[in-house]
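Engineer: Sharing a structure with you now.
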Amino acid sequence: MSVSVFLQDNLTTLAKIGSPIVKWLESHAVPPDVVAGRVRKNPMGHLDYAPGEGPSLYGAMPPGMVYRGWTPADDGRLAAGATIIIGSGLGYGINHVLAKTPNTHKVLVIEPSPELLVACLGLTDYRPFLHAKKLIFLPPDKAIFEEVLKTLDVCFLFGKIHLRADMACKQFGPDYARWTAHVRARLENTSVELSTLRQKQDVMVGNELKNYHQAMNEGSLLGLRDAARGLATVIMGAGPSLGRFAPELAKRRGHALYTTALQTLPALEKVGFKPDVCMAIDFRPEMRACIENLRDRSFAADIPLIYSTKMDPEVLALYPGPKHPMWTVGGIGTYVLANNELVMDAGGNVAVSLCRFLITCGVASILLVGQDFAWSGEATHVSGHHAAKGRYVYNPKRDLALKNAHGETIYSNVGYMAAKRDLEKSLCEGRVAVFNLYGGGVPIAPAKNVTLDEAHLAGALASAPGSMEWFRKALARSRTPRVRPIFSPRAPKWSTSLKNVAGRLEKLFKNPGRNAAEIRVMFERVRFFLRQDPLYLPYLYNELMDMAGLCHARSSYGIKDLVEFRRIRRRVMEKVREMDQVLCGGRQWRAA
């Protein structure tokens, strides 16, 4: 059977919509006639694919059994959801999901084998689904997958994302299992990130607005880029092993820059170890406990604090030492200040933030200490940390049982593993020498596990002459107040525009059934309007997502959707006026 029936039509459509799968297939130059010779009916009467060697695709298990559990449950979130398929096969699974899901349900397909993808594209006409942007074919490229993953925020927030690994394809090589594991891990991480954004973005950006004037007065980290050449650095975590290593390091400190999280300061104070720099990214008011738990606050009086501008200003006011603001991705500095400030992707874990910051500063090496991301006994953190109180009992419903590098059972959780993956990714991309003073926790892939003696011998605690002094001076200079940008108020124009839209929607909702298409178009225009201003965009994240829900998570409209739009409009204007007051007030925008 020829596989070229629909192949050219599908490829033409994919090229027209700019799909990267076309160039990937062209780079492999798969001959369609060779693939055609491998597609045939098997003894059970099913269309099958038989490679030159080895078993056929559906010789051991018919398609009906392979894909019978692939139908997503219609739990009210199906229309806004997505399905990610690893392995196209001959299209049986893809076609099953396409037929069983609404048009708004996204279907993403990653196929590591160009031969199988050619066969799949030749057997089914996918043009209607490709034009509707319901079906997306992706090459096995992690960077491309990351870009597409960013577009699925509506699916994460209003629907559910189903991961389907084609069991028949797995016999064709290890790439299918690797891609399934990679996608599952990225879905876990993204789910945690978007859940935090959805629940806390208003608080985080609200804190930035409260901290804005102080942050401008306290300087910029921009001058620290590449200021740590030749510097050996240490990132001290709060894992249980820190209690063993911190006293040893106090005796054999070497010549390195010691960094840690604000949360770890009380534990280090307890053993008499003073770090050189600490960092805080947590926006919660509960962070005040990290400062209140210090037995003597003067311990931190000469420790510079690099703080996310999203932190609670009342917590910052308690810190006794010098403070250095750090603008982070997702806040008001994301787009507008990117060319004038060091805007960091902080991630969701302070160890990850420190790692990215140090790499940006150009350090020579990083030694990880107390970065366990796991525990083995009843204490999940080092003594002195605010989370170390009481006994912790392993809960199989909440925790993960793993093996460490010694084959011993240790325990972790999804949050720890997500942070570990982010740390590993940052360390690999940073191309810096990485060592881990290993204390029995989860191994960190790019880091070499070492003892303290081995760390000294490897130079992980030995900086180049003058590098420490150069960095300290650069850090001190960074506290020079900034000249503040001038912004114009948005509220007057926005109020008029949204009022006009509201008037039009009021008329359309008199007959929402007949006017559903135009209502959707109007909602899309509002969503586009709210996205126009990069300065105001981060604070309007939740309102944008709510508008996305009105656009893409509804199969029909009713009066409750008009009520929802009114709520969104009211909240947008409240935020815009708040930002105008902070960023466009009558102050003189000059350095203090």
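The values are calculated or read from the model by the stated rules, or taken from the named source; none is laboratory data. What you see is a predicted model, and the numbers here were worked out from it, not measured in a lab. Here the Cβ positions follow ideal geometry from the backbone for every residue, glycine too, while neighbour counts run over all protein chains shown. Ligands, DNA and RNA are stripped out before the accessible areas are found, and what is left, the full protein with its side chains, is counted by its heavy atoms. Shrake-Rupley method; radii C 1.70, N 1.55, O 1.52, S 1.80 Å.
Engineer: Need pairs with beta-carbon distance below 7 Å; first residue free of Cβ contacts under 8 Å to residues at least 24 places away in the same chain and within segment 163-181, second charged (D, E, K, R); sequence gap 6+ or separate chains.
Structural biologist: Here the result reads A177/K170, each pair linking segment 163-181 to a residue that is charged (D, E, K, R).
Engineer: Another question, if that's okay. Looking at segment 360-377, I want the residues that are under 13 Å from S426 (Cα atoms) and have a partner that is among the basic types (K, R) and surrounded by fewer than 20 Cβ atoms within 10 Å (Cβ to Cβ) with Cβ atoms under 8 Å, at least 6 apart or on another chain. Which pairs are those?
Structural biologist: From segment 360-377, the pairs are T360/R225.
Engineer: Same structure, new question: How many residues are within 20 Å of D75 (Cα to Cα) and outside any helix (DSSP H, G or I) if we restrict to segment 134-192?
Structural biologist: Counting residues in segment 134-192 that are within 20 Å of D75 (Cα to Cα) and outside any helix (DSSP H, G or I) gives 7.
Engineer: When R421 is evaluated against the numbered criteria (1) outside any loop (DSSP other than H, G, I, E, B); (2) at pLDDT 90 or above; (3) crowded, with 20+ Cβ neighbours inside 10 Å, which criterion, by number, is the only one it fails?
Structural biologist: It fails just one condition, (3).
Engineer: For segment 504-513, which positions are in contact with a Leu (Cβ under 9 Å, 6 or more places away or on another chain) and among the charged types (D, E, K, R)?
Structural biologist: Scanning segment 504-513 gives a single hit, E506.
Engineer: Name the single residue, out of those in segment 1-27 being among the β-branched types (V, I, T) and in a loop (DSSP other than H, G, I, E, B), that is least open to solvent (accessible area, probe 1.4 Å). Quick ask: steps written out before the conclusion?
Structural biologist: Initially, segment 1-27 is screened for residues among the β-branched types (V, I, T), giving 3, 5, 12-13, 17, 21-22.
Right, trim to in a loop (DSSP other than H, G, I, E, B) and you get 3, 5, 17.
Details: V3: 1, V5: 94, I17: 83 Å².
So the residue we want is V3.
One line per residue, one yes/no per condition, for (1) surrounded by fewer than 17 Cβ atoms within 10 Å (Cβ to Cβ); (2) at pLDDT 95 or above; (3) in contact with a Ser or Thr (Cβ under 6 Å, 6 or more places away or on another chain):
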position: M236; (1), (2), (3): no, yes, yes
position: K270; (1), (2), (3): no, no, no
position: M311; (1), (2), (3): no, yes, no
position: L316; (1), (2), (3): no, yes, no
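Engineer: Okay, moving on. Which of the numbered conditions does N189 fail, given that it passes all the others? Conditions: (1) within 15 Å of the chain's Cα centre (by Cα); (2) at pLDDT 85 or above; (3) open to solvent by less than 20 Å² (accessible area, probe 1.4 Å).
Structural biologist: The one condition N189 does not meet is (2).
Engineer: Which residue pairs have Cβ atoms under 8 Å apart, sit 6 or more places apart or on different chains, and have a first residue in segment 122-137 that is within 20 Å of K23 (Cα to Cα) and a second that is open to solvent by less than 30 Å² (accessible area, probe 1.4 Å) and of a type in the set (F, W, Y)?
Structural biologist: Every condition considered, the pairs that remain are L135/Y126.
Engineer: Inspect all residues belonging to segment 387-408 and state whether any of them is within 14 Å of G243 (Cα to Cα), hydroxyl-bearing (S, T, Y) and not in a helix (DSSP H, G or I).
Structural biologist: no
Engineer: Within segment 534-573, work out how many residues are in contact with an Asp or Glu (Cβ under 9 Å, 6 or more places away or on another chain), of a type in the set (D, E, K, R) and either open to solvent by less than 70 Å² (accessible area, probe 1.4 Å) or not in a helix (DSSP H, G or I) (or both).
Structural biologist: Within segment 534-573, residues that are in contact with an Asp or Glu (Cβ under 9 Å, 6 or more places away or on another chain), of a type in the set (D, E, K, R) and either open to solvent by less than 70 Å² (accessible area, probe 1.4 Å) or not in a helix (DSSP H, G or I) (or both) number 3.
Engineer: Quick check: anything in segment 501-511 within 30 Å of T196 (Cβ to Cβ), among the hydrophobic types (A, V, I, L, M, F, W, C) and part of a helix (DSSP H, G or I)?
Structural biologist: No, because not a single residue in segment 501-511 is within 30 Å of T196 (Cβ to Cβ), among the hydrophobic types (A, V, I, L, M, F, W, C) and part of a helix (DSSP H, G or I).
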